[in-house]
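As structure tokens, the structure follows; a few thoughts come after it.
Quick note: the coordinates plus some simple rules give every number you see, no bench work behind them. A quick note: this is a predicted structure, and the numbers were derived from the prediction, not measured. All Cβ positions, glycine included, derive from the backbone under ideal geometry; neighbour counts span all protein chains shown.
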Amino acid sequence: MQLQTSPYWEWILIDDGSTNPEIIDFLTGDFYQDPRIRVLFAKNNKNQGISKTTNRGIKAATGDYLVFLDHDDRLALNAIALIHREIEQQTFDILYSDRDMINLKDQRDFHLMKPAWSPETLLSGNYIFHLMCYRTDFIKQIGLLKTEYDGSQDYDLILRASEQNPKVKHIAQVLYHWRQHEQSISKQENAKDYTFKAGLAALNAALTRRHIKAIAQDHPKMPRGNYQVIPHFLTDPKIQIIKIEAQNYRQQIEAVIDNKADYILILAKNIQPQAMETIQQMVAWMQFKDIALISAKLINQQQILAYAGICYTKEGGLLHSYQNHHQDQQGYMGVTSITRNVSIANPFNVLIRGKVWRQLKGFNTRYNDSLSLLDFNFRALEAGWRVLYQPDCVFQYQPDVNQSDFYQITPAFKQQWQSFFAQGDPYYNPNLCQDCNEMGLPESINN
């Protein structure tokens, strides 16, 4: 901390009942003379656990913002300076950054380049981890850490925070280095089993608070710490299913659409759900009230991915997450296997909330092909709605029809949405590959 490029910080260290004399000697050593450093010792030298100990630090803090740092991890030298830069421009409730790991050879690896604020992705696991910074008054408003979620107390906290419509800033730089050691969660999947159970309990509690009829469980295809939410089917939703050909996209839909439908499912005629309940399962995700469009995983008969989310580049190009890979390819951060927020739905397999269709007054008549859906999609995002990729709902298409080229971006479309493209896709980290579908990292990132 004393090497931070910004001098404006307060460092509170809490010894939670350590019996190691070397640690105690260090905590009472010369560095303690720095007036910015405060050391608190456990009362009666008794271990209180992570939540109670952290809460003690929160209460003792005098700063406007709080950054959490585990005892063996490191902050980048400019971490505090970059946080200062952001909060000087705007007040945020939460700020978070990318992170990497320091392996057993003291080398940096396993970079985690995160998306911007993604409330539904958060239901699949705590993708934020560290660096995590909260506005002090905000964290006191939502309540401190809860001991019943010790081990995943940070996940419970961010889930509760997300229910308050917070102002969130993602700093797309590696500002936190998470150290691996032999017993760490980051090294051993089975280490500290209680943390994963606590995370699952926190997620189920969040679903209950939000009045979402669903159950969360460990994700069957992903490492522990990733979760699968299974929502209950809605009661008698009014669903209109529209089957279309690829040509004359807008006219086909507008000719038959029911403007009173609760939900509108647009499907190409060569696409079929893999299971009878798939459509009901897809509709059930509309319990999450800020979702405007949902697209499911799309594969061919050889189990090859056609759609697992689409993102856009600043130049107006489109990246199709792991397209043409086998559907068992989980991808970077498990993107093909987890429910997550994306920017672009599949025009030939999309569920639209009827309320949003009516709010946006349907399609823009300047487009006739699938760009009419992409324009609608962008207008929904602009209005504050979100788009969801749902991998547990699987659809399959016939191999004789190419279902890969969903959109052909025209110069006119690019010009209309130039400011949108220029900002970059919020759900695709700018440090990741900008001209490939595999979300790779540039070689320079490993320096």
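Key figures
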| item | result |
| --- | --- |
| Relative contact order (%) - criterion: Cα under 8 Å, at least six apart; region: the stretch 11-195 | 28 percent |
| The chain - charge dipole about Cα centre, Lys and Arg +1 at Cβ, Asp and Glu -1, debye rounded to 20 | 1340 debye |
| Least to most buried among S295, S118 (fewest other Cβ within 10 Å first) | S118, S295 |
| Estimated [θ] at 222 nm from DSSP helical runs (n ≥ 4, -39500 (n - 2.57)) normalised by residues in the chain, nearest 500 | -6500 deg cm²/dmol |
| Cleavage-rule hits (chymotrypsin sites (Phe, Trp or Tyr not before Pro)) in the stretch 210-253: DSSP loop, at most 15 neighbouring Cβ within 10 angstrom | F233 |
| Cα shape, the stretch 11-195, gyration tensor, a/c 1.5 rule | rounded |
| Gained length - L104 relative to N364, 0.36 nm times residue gap less alpha-carbon distance | 88.0 nm |
| Amide H contacts of Y312 (H built 1.01 Å from N, under 5 Å, at least 5 apart or other chain) | L319, D425 |
| Of all DSSP beta bridges in the stretch 233-446, antiparallel share, percent nearest 5 | 60 percent |
| The stretch 290-447: C-alpha gyration tensor shape, a/c 1.5 cut-off, then a/b vs b/c | oblate |
| Sequence ranges 424-430, 256-262, 219-225, 388-394, ranked by mean other-Cβ count within 10 angstrom, highest first | 388-394, 424-430, 219-225, 256-262 |
| Loop sites in the stretch 23-57: trypsin sites (Lys or Arg not before Pro), DSSP, at most 15 other Cβ within 10 Å | R36, K46 |
| Rounded to 5, the percent of DSSP beta bridges in the chain classed as antiparallel | 55 percent |
| Student exercise, the stretch 233-446 dipole from Lys, Arg, Asp, Glu Cβ charges, in Debye to nearest 20 | 760 debye |
| DSSP-defined antiparallel bridges as percent of all bridges, the stretch 11-195, nearest 5 | 45 percent |
| Cysteines without a disulfide-compatible neighbour (Cβ-Cβ under 4.7 Å), the chain | C133, C311, C393 |
| V256-L77 pseudo-label distance in nm [points 7 Å out on the Cα-to-Cβ vector] | 6.4 nm |
| Among Y194, Y263, Y149: highest mean-square fluctuation, GNM of the chain, C-alpha pairs under 10 Å | Y194 |
| Amide H within-cut-off set for L234, under 5 Å, with H built and near neighbours excluded | A284 |
| Note, ³J(HN,Hα) from phi for the stretch 338-347, Karplus 6.51, -1.76, 1.60, rounded to Hz, x at Gly and Pro | 10, 5, 7, 6, 10, 8, 10, 7, 8, x |
| Gain in span if fully extended, D290 to F41, counting 0.36 nm per residue against the direct Cα distance | 85.2 nm |
| Under Karplus coefficients 6.51, -1.76 and 1.60, residue-wise ³J(HN,Hα) of the stretch 112-124 in Hz, glycine/proline x | 10, 9, 8, x, 5, 3, 9, x, 7, 4, 4, 6, 8 |
| Global geometry of the chain, whether rounded, prolate or oblate, following the gyration tensor of its Cα atoms and the 1.5 cut on a/c | prolate |
| Signed unit charges on C-beta, dipole axis of the chain, positive-most listed residue I24, N341, A268 | A268 |
| Unit charges at the beta carbon, dipole of the chain: most positive-side option, Q164, I12, I139 | Q164 |
| Under Karplus coefficients 6.51, -1.76 and 1.60, residue-wise ³J(HN,Hα) of the stretch 381-386 in Hz, glycine/proline x | 4, 4, 8, x, 7, 10 |
| Potential lengthening between E315 and H84 on full extension [0.36 nm per residue; Cα-Cα distance subtracted] | 80.1 nm |
